[in-house]
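The values are calculated or read from the model by the stated rules, or taken from the named source; none is laboratory data. Worth saying up front: this structure is predicted, and the values here are computed from it rather than measured. Here Cβ is always computed from backbone atoms with ideal geometry, including for glycine, and neighbour counts include all displayed protein chains. These accessible areas exclude ligands, DNA and RNA; they are computed on the full protein's heavy atoms, side chains included. Shrake-Rupley method; radii C 1.70, N 1.55, O 1.52, S 1.80 Å.
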Amino acid sequence: MTEERPEWPPPELDFSKPTIARAYDALLGGKDNFAVDRELADQTALLIPGLRESAVENRKVLVRGVRWLAGEAGIDQFLDLGSGLPTVENTHEVAQARNAKAKVVYVDIDPLVGVHGRAILAENSYTRVMVGDVREPAEILAHEDVSDFLDFERPVALMLVGMLHYLSPDVADGVVSAYRDALAPGSYLFMTSLVDTGLPQQQELARITRENLEEGWARTPAEIEYHFGDFELVEPGVTYTALWRPDGPVDPDNLEPGEQLGMAGIALKKK
Ligand code: SAM
């Protein structure tokens with residue numbers, strides 16, 4: 001009897017240059033990365049103080065945000081755009097710990113996320129993983145893994161966590177507004193982004209990211225807020241990630257360098 005095995009490595013995986021998902025995984029100390037990704041992560045971390053810590057802070061706010069959405073906000077459908085490689089405390093684990101029937105669709109452009117997706121799918125019927133380009137909202141929203149699985153007549157949490165800064169200024173408005181328009185009232189938009197509050201390392205990180213990974217844009221807090229459209233920001237608004245509903249006390253006047261690279265916000269679609 002012949003056994004059908006997936007081809008390994010899949011031909012679409014390119015080991016010769018770094019990818020966003022794998023370099024981020026390297027920053028987080030994960031194992032789903034290759035030498036080129038680790039080199040980029042190491043070199044960038046030398047230039048940008050607190051880079052690794054900022055990646056960890058981003059994951060922490062993702063967990064707090066999803067916990068809040070699945071808990072207090074009562075959301076049971078999540079569309080996680082630019083979801084990244086599986087790590088500790090993934091969106092579906094955090095949401096399903098609050099509500100075992102919460103549905104999660106992960107979308108990422110990195111083929112390695114698709115490879116790992118098969119493993120997640122095998123053990124979780126409330127989760128889907130698809131490889132797709134977030135910059136193509138019509139295709140993503142019409143894809144059967146999204147449209148047959150999530151009910152857009154009901155509230156959905158749409159996540160662009162650690163993802164907004166990979167949308168260039170010429171496409172971001174059209175892309176984010178298309179997703180906002182697709183949501184029913186009662187839905188939430190959850191975004192985190194590299195921020196520009198005037199510290200040189202923020203634009204420097206954006207530049208290094210663009211140079212090595214094609215996209216990378218630091219936005220002012222007002223520019224980040226702009227992408228929430230007419231949605232109503234929940235407290236505390238758009239803040240440094242460490243200050244968004246922290247689990248313990250954080251002194252806003254004494255943030256570490258790694259706590260000043262990213263901002264987070266969640267907003268409600270009221271009508
Ligand atoms: N959301 C996760 C988090 O916050 O921990 C991962 C964030 S990681 C910094 C950004 C992810 O966005 C990467 O996995 C990358 O592959 C993905 N990404 C970047 N541009 C994308 C695009 N145009 N379409 C889909 N995914 C994209």
Would you mention how many residues in the range 192-204 are open to solvent by 10 Å² or more (accessible area, probe 1.4 Å) and outside any loop (DSSP other than H, G, I, E, B)?
5
Go through (1) surrounded by fewer than 17 Cβ atoms within 10 Å (Cβ to Cβ); (2) more than 14 Å from the ligand (Cβ to nearest atom) and name the single condition residue 210 misses.
(2)
How many residues are farther than 19 Å from residue 181 by Cα and either within 16 Å of the chain's Cα centre (by Cα) or in contact (Cβ under 8 Å) with a residue 12 or more places away in the chain (or both) if we restrict to the range 244-271?
15
Condition met for residue 79 (assigned to a strand (DSSP E or B) and crowded, with 23+ Cβ neighbours inside 10 Å):
yes
Would you confirm whether any residue within the range 26-40 is within 15 Å of the ligand (Cβ to nearest atom), closer than 30 Å to residue 235 by Cβ and not hydroxyl-bearing (Ser, Thr, Tyr)?
yes
Pairs please, first residue from the range 99-118 and free of Cβ contacts under 8 Å to residues at least 40 places away in the same chain, second anywhere and within 10 Å of the ligand (Cβ to nearest atom) and hydroxyl-bearing (Ser, Thr, Tyr), Cβ atoms under 8 Å, 6+ apart in sequence or on different chains.
104/91; 106/83; 106/91; 107/83; 117/106
Of all residues in the range 143-154 being open to solvent by less than 70 Å² (accessible area, probe 1.4 Å) and under 15 Å from residue 183 (Cβ atoms), the one that is nearest to the chain's Cα centre (by Cα)
146
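A quick yes/no check of all residues on (1) open to solvent by 70 Å² or more (accessible area, probe 1.4 Å); (2) closer than 27 Å to residue 142 by Cα:
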position: 175; (1), (2): no, yes
position: 190; (1), (2): no, yes
position: 249; (1), (2): yes, no
position: 252; (1), (2): yes, no
position: 262; (1), (2): no, no
position: 268; (1), (2): no, yes
position: 271; (1), (2): yes, yes
Going by the structure shown, is residue 32 out of contact with any strand residue (DSSP E or B) (no Cβ under 6 Å at 6 or more places or on another chain) and open to solvent by less than 10 Å² (accessible area, probe 1.4 Å)?
no
Residue hits (the range 11-36; in contact (Cβ under 8 Å) with a residue 40 or more places away in the chain and under 14 Å from residue 86 (Cα atoms)) are 20, 21, 22, 23, 24, 25, 28, 30, 32
Residues that are within 10 Å of the ligand (Cβ to nearest atom) and in contact with a helix residue (DSSP H, G or I) (Cβ under 9 Å, 6 or more places away or on another chain): find the helices (runs of 4 or more DSSP H) completely inside the range 104-170 holding 1 or more of those.
111-123, 137-142
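Out of the residues in the range 86-103 meeting the condition of being among the hydrophobic types (A, V, I, L, M, F, W, C) and modelled with pLDDT of 95 or more, tell me which one is farthest from the ligand (Cβ to nearest atom).
100
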The range 98-120, residues that are closer than 15 Å to residue 80 by Cα and of a type in the set (Val, Ile, Thr)
104, 105, 107, 109, 113, 120
Is it true that some residue in the range 49-59 is touching a helix residue (DSSP H, G or I) at 6+ places or on another chain (Cβ under 6 Å), of a type in the set (Ser, Thr, Tyr) and either farther than 15 Å from residue 212 by Cα or touching a residue at least 60 places away in the same chain (Cβ under 8 Å) (or both)?
yes
Please work out which residue is most open to solvent (accessible area, probe 1.4 Å), limiting yourself to the range 235-247 and to residues that are more than 25 Å from residue 20 (Cβ to Cβ) and out of contact with any Asp or Glu (no Cβ under 9 Å at 6 or more places or on another chain).
235
